[in-house]
1. Quick one: which of A:Ala100, A:Ala50, A:Ala88 is over 19 Å from A:Asp180 (Cα atoms), among the aliphatic types (A, V, I, L, M) and within 13 Å of chain B (Cβ to nearest Cβ)?
2. Quick one: would you say B:Ile65 is within 11 Å of another protein chain (Cβ to nearest Cβ), under 19 Å from B:Glu125 (Cβ atoms) and over 15 Å from the mean Cα position of the chain (by Cα)?
3. Which of the following residues is out of contact with any Ser or Thr (no Cβ under 9 Å at 6 or more places or on another chain), modelled with pLDDT under 85 and within 7 Å of chain B (Cβ to nearest Cβ): A:Arg24, A:Arg5?
4. In this structure, does A:Gly29 turn out to be under 19 Å from A:Thr146 (Cα atoms) and modelled with pLDDT under 80?
5. Being at pLDDT below 60 and either over 19 Å from B:His193 (Cα atoms) or outside any loop (DSSP other than H, G, I, E, B) (or both) is the filter here; which residues of segment B:104-115 pass it?
6. Residues to consider are A:Gly142, A:Gly190, A:Gly177; find the one that is closer than 22 Å to A:Pro82 by Cα, modelled with pLDDT under 90, among the small types (Gly, Ala, Ser) and surrounded by fewer than 23 Cβ atoms within 10 Å (Cβ to Cβ).
7. From B:Val191, B:Val166, B:Val146, which residue is among the β-branched types (Val, Ile, Thr), in a helix (DSSP H, G or I) and touching a Lys or Arg at 6+ places or on another chain (Cβ under 9 Å)?
8. Please specify each residue of segment B:145-203 satisfying the condition of being at the interface with another protein chain (Cβ under 7 Å from one of its Cβ atoms) and either at positive phi or hydroxyl-bearing (Ser, Thr, Tyr) (or both).
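The values are calculated or read from the model by the stated rules, or taken from the named source; none is laboratory data. All of these numbers come straight from a predicted model, not from anything done at the bench. Don't worry about glycine lacking a Cβ; one is built from the backbone with ideal geometry, like all the others, and counts go over all protein chains shown.
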Amino acid sequence: MGHCRRDAGLTLAIGLLLLIVAGRAAPVGQPPLYDGLVIEDPYRYLSPPAGGSGSPTSASDTADVQGGTSPLVYSGTLENPPQAQLIADAGAFGLPAGTASVVTTIRPIAPPAPVPVGTLAGNVYEIRVANESGIDMTIQSGKTVTVVLRAPNGVTNGTLYRYSDNAWVALETTNGGLPDLFATNATRLGDFAVVVTGTASPGAGGGPSLGVPVATPTPPPASAQGSAGDVTPWIVIGLVAAAVAAGLLWTLFGSGEKSTPGG
Amino acid sequence: MTAATSASAAAPPRWRAITHRAAWLLGGLAAATLLRGAANGASSANQALLAGTGFGIALLGIAVIAGWRPSRPSPRGLAIGMFGGAILVLLPLLLHPVALNAPGMRPAPFPEWATITLLVASAEEVLLRGALISAVGRSYGLPAAVVMSSIAFALMHVPLYGWAVVPLDLAAGVWLAGLRLASGGVAAPAVAHALADLATWWI
């Protein structure tokens, strides 16, 4: 029994240590996602291709200055998952004199210029952080500001680019928690986009670098939600109910849980 | 015949049966994972819900065929599971407080999403922390069982979430295995896993 407790305690201690290390290394804002169902809204284009969805959402969030420094900031568009997000630590932005609140705006815009290489995958997003008077704020050195953009469904090999000072600049890009989410720790704000270079992934298309939203070869589903009268949810609920009922019956007629780890 | 092959030929039938059982569990898990990834496709809600349901039922079936049988969860196991789930949810929030400001994934409708999330989380625990740890632990020892089940847990999420989640899922796998060892059953890791998954609706 003592042997079992020691094994369990050791495993839990190692697990906790690994969770802390992996959690600290994870991109800021990544949810505690160990599992779950991946259900993405179809990508919404500013200029939708044939069969594509339109009307991408924007975001505008205001947070009060706390203790003389900028607060924790999260702002994201309303799609699921959001097509564009900004996540910032407290104190990430330098405050102009007299600033009382921090206003974050994210909106899809027409591409300001063609990308130098590859093709745009999805929309270009203008991301601004300003005070209540509209004065843009700059990111403080050493502070983490993460920009996350979602590419159209199926695009998994994108790179984030920022357009500022009349030029597109490639950014160090990491995975944002799902294969089609791309994140970067930004040092400046501006216009951001996902660019696919080299061999195009399924959703990126292979068109020229015209700087326009690129169509996916296979149109995204018309709706991510089950429509009224759709029988699929009932099939799902029936199957789950049958599995749960079988498990309950088995549990009722089975034996109690053993206390030995090997059991 | 070499000494090694002689030893292998003389291996007890029970040892070989348990090894075959572990291979069946891992092979079945890999096949179900790949099928789920393919079925998830463009990720419409209905596709994902059906793929998740099929995946959960397949894992339960694979575990039952391998000899796993359900048992009544003990109150102690449920309590350990609640504690383990709280750690899984709170730790990332403590490490990255900004996550509190972010909205959850919210892939509506909630009742169906929650039901199938519970099914998938429980099925994964039954197969990995239940059947696999039991099978591998008997033949190769608990450390090997914990490592193998945790690696399998991390790799099975790659088709849906990409390689970036491997470190976090590997760590979560070891933690969930610890809950299994501490409680003696799969109820604790299943409760913890379900809590962590359901929390993604809100955070």
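1. A:Ala88
2. No.
3. Answer to the check: A:Arg24.
4. Criteria met by A:Gly29.
5. Residue satisfying the conditions is B:Ala108 alone.
6. Criteria check complete, one pass: A:Gly177.
7. Going through B:Val191, B:Val166, B:Val146 in turn, the sole match is B:Val146.
8. B:Tyr161, B:Gly162, B:Gly184, B:Thr200
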